[in-house]
Amino acid sequence: MSSNKFFFIFKDSIIESDKASLNTVSLRNPATKNETKYLIRCTTEASKLYELNCFNEQHRSWFINESVCSNGKIFLPTPVDPLFLALPYLVEKCSERAVPLEQILIDDSFPATANLTDVLVPSRVSLLADEKRAGNIVAFKYNETKTLEWLAGKCHRLSKAVGKQEGPAARSLNYIKEEKENETEEDAKGALHTAFGIISDYLSLEFGRKLATALGFPEDENVSKKRKSIVDLESAVVKKIKKEDVHETTPIKLAATEKKVSAKAKALAKAASGSKSISSFFKK
């Protein structure tokens, strides 16, 4: 049995070229700051970044040829904009002065961060920063106004895509209105809220609040601290499950019921009350 194998589900376009190289790297998550696995696909034309979504279920294995792989996880690569990963480094290293991109994307804890230069086009970095040139050197200085405009534009474009989806899953708010105009307006707001929730999963809490303000959402501490409360929520759920398990598995003690004694048994007990036991005859 082997556990050092991993099962991926790829879209045809990712692996259709024999010249494409796929590399799994560990990078800093832009929202949680924790280690997260990503996939970099490199070709002679361009390189793309994918985040690895993992589906894990207990008691799952894979049969591969004549062997059994005990690692039953499924990894699903989905495209992600590398600007989300570059944003924290831009804020940290070039808010005061212009710095070349190669010097911005350096992280001692995650050496593979330098590989982001392969998937970042300088023209797209200009969406978040002001470009400065000196001869052959291209440097960038972080611009928060540009960044918020870029993020707000992403939210509005994503909300249009969400609004085209059918069913309640496409709406974050489920309003029932009699007037069609009001219903359309509320649906648009609900789609924008959904889009904001998706985009904010790639942002820090501070940036999430700034983006909410830029979109005109009212300040809501419960929404802005959503990611921070996830751990507490999961902990509460685990405790609840454990409590329910204990409750279900703990035997219930029933109240003792009086044992009915027949008249014959009562008579035998009364007759034997004055008699001695057999062992008493053998005692000295």
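The values are calculated or read from the model by the stated rules, or taken from the named source; none is laboratory data. Predicted model only: the values in this text are computed from it and were never measured. Side chains are part of the model used for accessible areas, which takes the heavy atoms of the whole protein and leaves out ligands, DNA and RNA. Shrake-Rupley method; radii C 1.70, N 1.55, O 1.52, S 1.80 Å.
For Ile104, Ile137, Ile64, give the ranking by accessible area with the largest first, probe 1.4 Å.
Numbers: Ile104 0, Ile137 100, Ile64 55 Å².
The ranking, largest first, comes out as Ile137, Ile64, Ile104.
Ligands, DNA and RNA excluded, the heavy atoms of Glu35 present near 110 Å² of accessible surface to a 1.4 Å solvent probe. Taking all protein chains together and rolling a 1.4 Å probe, Phe55 ends up with roughly 100 Å² accessible.
When the solvent-accessible surface of protein heavy atoms is calculated with a 1.4 angstrom probe, in what order do Ile74, Ile106 fall, highest first? List each step's numbers first, then the result.
Numbers: Ile74 30, Ile106 85 Å².
The residues order as Ile106, Ile74, largest area first.
The calculated pair-distance distribution of the stretch 7-142 uses every alpha carbon pair, bins of 5 angstrom beginning at 0, and gives 2, 9, 17, 18, 17, 14, 10, 6, 4, 2, 2, 1, 0 percent. For Ala20 and Glu144, the difference between the fully extended length at 0.36 nm per residue and the C-alpha to C-alpha distance is 41.1 nm. Under 5 Å from the amide H of Phe7 lie the amide H atoms of Phe75, each residue being 5 or more positions distant or on a separate chain, with H modelled from the backbone and absent for Pro and chain starts.
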